[in-house]
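FYI, it's all coordinate maths here, none of it is from the lab. For clarity, every value in this text was computed on a predicted model and none was experimentally measured. With ideal geometry, Cβ positions are generated from the backbone for all residues, glycine too; neighbour counts draw on all protein chains shown.
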Amino acid sequence: MKRPDPQSGFSIVDMIIGLSIVAIAIVGIMLAQQNYVRMTSQVEASLRAIALGNSVMQTIRMHRFDEETKPPWSISYGTDTGESGMSNYDDIDDYAGATWDHSSYGYAGYSVNTRVFCIDLESSWVDSVGPGKNYKRIIVSVSNSTLDEPIVLSSIYAGVHAEE
């Protein structure tokens, strides 16, 4: 029977090399985990921003097209006389330039801005053409410090009226 060699086994250099490889692997795993956590928080913030933006957009779209019920449409945007807050708004252009605070609804850290302007589909549905046209564009922008860019939702609303 052969005796074990007292010189066999790992040397200190082997142990240091092995520990270095394990340490590098652990650092790589930690970096990947940090990236995963950051991306997960961005996805969560994006989904919450989309839900909030949709809610605001639907609130705006539940209102009538204009203060006037048929053409010619109003020539000014923003709140009308007697409309002191969003609970009094009765048409979509009342929301032009509005800022929404939904902190009390579980959206702390989110800011919402709205724009409403008239467009002419024959020339451009992107740029404002001034009041009085039959189409209005609603833009809802939701920001959060976690997001790289705001989430922007857009809708076109047509001014239609029943013929008498």
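Here are labelled values, (i) 16.0, 51; (ii) 29.5, 113; (iii) 21.0, 70, and one is the computed Rg and Dmax of the Cα atoms in Å for what I pasted. Which one? Of the labelled values, this structure produces (ii). Sparse packing (at most 16 other Cβ atoms within 10 Å of the Cβ) combined with a DSSP loop state is found for the following trypsin sites (Lys or Arg not before Pro) in the stretch 1-101: K2. Projecting the Cα positions of S41, I138, I26 onto the charge dipole of the chain (unit charges on Cβ atoms of Lys, Arg, Asp and Glu, taken about the Cα centre) puts I26 furthest along the positive direction. Note on N88 and Y36: with the Förster distance fixed at 45 Å, the Cβ-Cβ geometry gives a FRET efficiency of about 0.45. Within the chain, what is the longest stretch that has no chymotrypsin sites (Phe, Trp or Tyr not before Pro) placed in a DSSP loop and near at most 15 other beta-carbon atoms within 10 Å? The answer is 11-124.
Dipole of the stretch 12-158 computed with +1 at Lys/Arg Cβ and -1 at Asp/Glu Cβ about the Cα centre; of N88, S74, I12, farthest Cα towards the positive end is I12. Among residues other than I92 with Cβ under 14 Å from its Cβ, the summed charge is -3 (Lys and Arg +1, Asp and Glu -1).
As a rough footprinting exposure proxy, the listed residues K136, K70 were ranked by other beta carbons within 10 Å of their own, and the order from fewest upward is K70, K136. Panel order for T69, T99, T59, T114, by other beta carbons found within 10 Å of each beta carbon, from fewest to most: T99, T69, T59, T114. For the stretch 111-155, taking Cα atoms only, Rg and Dmax work out to 12.6, 39 Å respectively.
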